[in-house]
1. Could you tell me whether any residue of the range 15-27 is open to solvent by 70 Å² or more (accessible area, probe 1.4 Å), on the phi > 0 side of the Ramachandran plot, of a type outside the set (D, E, K, R) and not in a helix (DSSP H, G or I)?
2. Between a residue in the range 35-53 that is β-branched (Val, Ile, Thr) and any residue that is part of a loop (DSSP other than H, G, I, E, B), which pairs come within a Cβ distance under 9 Å, given they are 6 or more apart or on different chains?
3. Go through (1) assigned to a helix (DSSP H, G or I); (2) of a type outside the set (S, T, N, Q); (3) modelled with pLDDT of 90 or more; (4) open to solvent by less than 50 Å² (accessible area, probe 1.4 Å) one by one and return the number of the condition Ile32 breaks.
4. Look through the range 35-57, keep the residues that are closer than 18 Å to Ala13 by Cβ and of a type in the set (Phe, Trp, Tyr), and return whichever of them is least open to solvent (accessible area, probe 1.4 Å).
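The values are calculated or read from the model by the stated rules, or taken from the named source; none is laboratory data. Just so you know, these numbers come straight off a predicted model, no measurement behind them. Here the Cβ positions follow ideal geometry from the backbone for every residue, glycine too, while neighbour counts run over all protein chains shown. For the accessible areas, the whole protein counts, side chains as well, though only heavy atoms, and no ligand, DNA or RNA atoms are used. Shrake-Rupley method; radii C 1.70, N 1.55, O 1.52, S 1.80 Å.
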Amino acid sequence: MSEKVIGQWNDAAASYAEEQERSAFAEANRSIVKTRFEKLCGEKVLDLGCGYGSYTDYFRSIGGCATGVDG
């Protein structure tokens, strides 16, 4: 894949992440996930449909062995 195409995908991904963070539901979703998952202590987590990976990162930050996958 050319550098130009990779750059276009990276730009689109950054734009998507910013848009998602501005969503009316973003804070409510984060609150639900953080309430439900407070500590993972090395547990394996498969984050299907992870989008830009914010929850995958969160699961890792609380001790999970997380892998994020998206189409």
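1. no
2. Val45/Phe37; Val45/Gly64
3. (4)
4. Among those residues, the one meeting the criterion is Tyr55.
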